[in-house]
1. So Thr38 clears everything in (1) touching a Lys or Arg at 6+ places or on another chain (Cβ under 9 Å); (2) farther than 18 Å from Asn76 by Cα except one condition, right? Which one?
2. I'd like the full set of residues that are among the polar types (S, T, N, Q), under 16 Å from the mean Cα position of the chain (by Cα), more than 30 Å from Gly18 (Cα to Cα) and surrounded by fewer than 10 Cβ atoms within 10 Å (Cβ to Cβ), limited to the range 45-83.
3. Is it the case that Ile86 is at pLDDT 95 or above, farther than 13 Å from Leu3 by Cα and more than 14 Å from the chain's Cα centre (by Cα)?
4. Which of the residues belonging to the range 25-63 are in a helix (DSSP H, G or I), of a type in the set (Gly, Ala, Ser) and within 9 Å of Tyr4 (Cβ to Cβ)?
5. Which members of the range 42-79 meet the condition of being free of Cβ contacts under 8 Å to residues at least 12 places away in the same chain and either charged (D, E, K, R) or closer than 22 Å to Asp12 by Cβ (or both)?
Amino acid sequence: MKLYLIHAGFYDEKISNGIYESHANYFLAAKDLSEAKTKAKKIKEFKEKKMHIDGIIEVTNVDGYDIILEAKGNRNGLKQFSHSEIKILK
């Protein structure tokens, strides 16, 4: 499995009458680029907002560290930090 970052664009009538393109990013694990595209198109929010894919990045290395995906079951391993948590960091 490989790690992909999906950069998706969409127009939302609730934001500036839909004139500006908004974006969302999704991380997906997939065997190849084609599967990453297919998985992105199945995301509920992607379908609801009629998103399109602006670009896909295959992430293999970050700051000199290789990315190695290891199966751990069906769970989300993202840790989110709020604006108030981040602003107090030095």
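1. All conditions are met except number (1).
2. Asn76, the sole residue that qualifies.
3. Yes; evaluated as a whole, the condition is true for this residue.
4. Ala36, Ala40 - these are the residues of the range 25-63 that are in a helix (DSSP H, G or I), of a type in the set (Gly, Ala, Ser) and within 9 Å of Tyr4 (Cβ to Cβ).
5. Lys42, Lys44, Lys47, Glu48, Asp63, Asp66, Glu70, Lys72, Arg75, Lys79
Conditions tested, residue by residue: (1) modelled with pLDDT of 95 or more; (2) surrounded by 13 or more Cβ atoms within 10 Å (Cβ to Cβ).
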position	(1), (2)
Asp12	no, yes
Ala30	yes, yes
Thr38	yes, no
Ile43	yes, yes
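The values are calculated or read from the model by the stated rules, or taken from the named source; none is laboratory data. Predicted model only: the values in this text are computed from it and were never measured. Cβ: placed from backbone, ideal geometry, glycine included. Neighbour counts: every protein chain shown.
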